[in-house]
Amino acid sequence: MALQASKVQVGDTYTQKLTEDLSRTQIVQYAGASGDYNPLHSDEIFTTKVANYPTVFAHGMLTMGMTGRMVTDFVGDGRLTAYGVRFTRQVWPGDALTATAKVDAVREEDGQNLVDLSVTTVNQDGDVVVMGKATARVDP
Amino acid sequence: MAAEKFPIEAGHIMMFARAVGDPNPIYHDADAAADTEPGNVIAPPTFYQASAQYDPDYFLRPKIGEPWFGSGKEPTGVPPTRTGGDGGTGLHAEQRFEYFRHVNPGETLTLKARPGKTWERQGKRGGKLTFSENIVEYFDESGELVVRATGVGVRTEKVVESD
């Protein structure tokens with residue numbers, strides 16, 4: 001299940017498509033589950049007339065959460081010790097997102113095998129929407 | 001700005017995992033989760049942010065009987081109010097989690113929030129950008145640290161639009 005240190009090398013990558021066509025409904029679903037009801041994410045009238053954006057956009061934390069699936073699918077269930085991202089660009093309804101992890105280091109610390117990953121999610125134009133780092137415990 | 005207590009509930013984890021598009025059974029199927037290394041349902045990596053549900057003052061949730069800054073038939077014109085901490089009309093610039101152990105449905109975490117670093121940068125259009133960290137630590141019932149979440153908010157100085 002979990003990634004094995006002996007079978008992974010620096011520079012290896014793992015890529016996953018997160019969505020082909022991000023729906024407004026999924027953004028609403030995230031608002032409900034997370035409790036973040038900022039109207040910028042679901043209220044078209046507020047977002048276009050008051051906040052002057054072209055349309056609603058996804059919570060950064062939704063993109064981070066979707067990207068987290070790629071990371072945990074790669075390293076194994078419950079193996080993350082750290083996960084962090086910067087939000088670099090807005091994600092809009094209809095966007096197609098692809099997330100990639102790249103192995104930066106395979107190392108040992110306090111008798112544990114760890115991998116350090118760079119994490120990047122891009123939209124259909126190849127623009128980076130989130131980028132960050134993750135560290136996970138792996139098997140020998 | 002944080003909840004004091006965060007009850008970890010299996011149904012909430014299931015809904016959160018659905019919302020982030022993660023079909024992994026370890027987040028919704030107790031029987032399947034029993035055969036995994038953790039041995040029970042665990043939470044997806046960013047689930048801790050959903051503790052906002054338990055923050056009585058969370059300003060991004062409409063409060064019963066209070067004006068809301070989103071629209072009804074038309075925009076309400078109510079200004080967004082902020083109760084402190086980062087966020088508000090600012091943007092979420094960065095988020096980091098450090099994990100010390102899994103959470104188990106049925107336990108209740110206690111949250112302690114504190115401000116972290118603050119720094120400034122000159123924005124591209126002349127406005128000043130102010131970054132501020134907000135650190136929330138989640139402790140279990142025996143006082144052990146479970147997760148540390150560090151959010152970075154950025155606020156822009158009011159800039160006169162040039163176009």
Using alpha carbon centroids, what distance separates segment A:50-118 and segment A:1-26, in Å?
-> 9
Length-normalised contact order of chain A, Cα under 8 Å, at least 6 apart, in percent, tallies to 32
For chain A, what is the calculated [θ] at 222 nm in deg cm²/dmol (nearest 500), taking -39500 (n - 2.57) for each run of four or more DSSP H residues and dividing by its residue count?
-> -6000 deg cm²/dmol
Among B:17, A:105, A:64, the residue whose Cα sits farthest towards the positive end of the charge dipole of the protein assembly as shown, when +1 is placed on the Cβ of each Lys and Arg and -1 on the Cβ of each Asp and Glu, is A:64
Can you work out the accessible area per residue across segment A:70-140, with the rest of the protein chains kept in place, probe 1.4 Å, in square angstrom?
-> 39
Dipole size in debye (nearest 20) for segment B:1-126 around its Cα centre, Lys and Arg Cβ +1, Asp and Glu Cβ -1?
-> 780
Output the peptides B:46-58, A:125-137 sorted from most to least packed, where packing is the average of other Cβ atoms within 10 Å over each peptide's residues.
-> B:46-58, A:125-137
Expected integer from the mean partner chain Cβ neighbour count at 10 Å over A:76-86 is 6
Cα-Cα pairs in the protein assembly as shown separated by more than 34 Å, as a whole percent of all pairs, come to 20
If you place +1 on the Cβ of every Lys and Arg, -1 on the Cβ of every Asp and Glu, and leave all else neutral, what size is the dipole of the protein assembly as shown about its Cα centre, to the nearest 20 Debye?
-> 1000
Highest-first arrangement of A:16-26, A:80-90, where packing means the average Cβ count within 10 Å | A:80-90, A:16-26
Any idea which of A:11, A:39, A:28 is furthest toward the positive side of the dipole for segment A:1-49, if Lys and Arg beta-carbons carry +1 and Asp and Glu beta-carbons -1?
-> A:11
Theoretical ellipticity at 222 nm over chain B - DSSP helices of four or more residues, -39500 (n - 2.57) apiece, nearest 500 | -2500 deg cm²/dmol
Probe 1.4 Å, protein heavy atoms only: B and A together bury a total accessible area in Å², to the nearest 100, of 3200
Taking every residue of B:57-67, the Cβ atoms of other protein chains inside 10 Å of its Cβ average out to 2
Accessible carbon and sulfur surface of chain A relative to its total accessible area, %, 1.4 Å | 47
With the charge dipole of segment B:5-156 built from beta-carbon charges (+1 for Lys and Arg, -1 for Asp and Glu) about the Cα centre, the Cα from B:30, B:67, B:100 projecting farthest to the positive end belongs to B:67
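The values are calculated or read from the model by the stated rules, or taken from the named source; none is laboratory data. These numbers were taken from a predicted model, which means no experiment stands behind them. When we count neighbours, we look across all protein chains shown, and the Cβ atoms used for this are built from the backbone with ideal geometry, even at glycine. When the accessible area is computed, the model is the full protein with side chains, heavy atoms only, and any ligands, DNA or RNA have been set aside. Shrake-Rupley method; radii C 1.70, N 1.55, O 1.52, S 1.80 Å.
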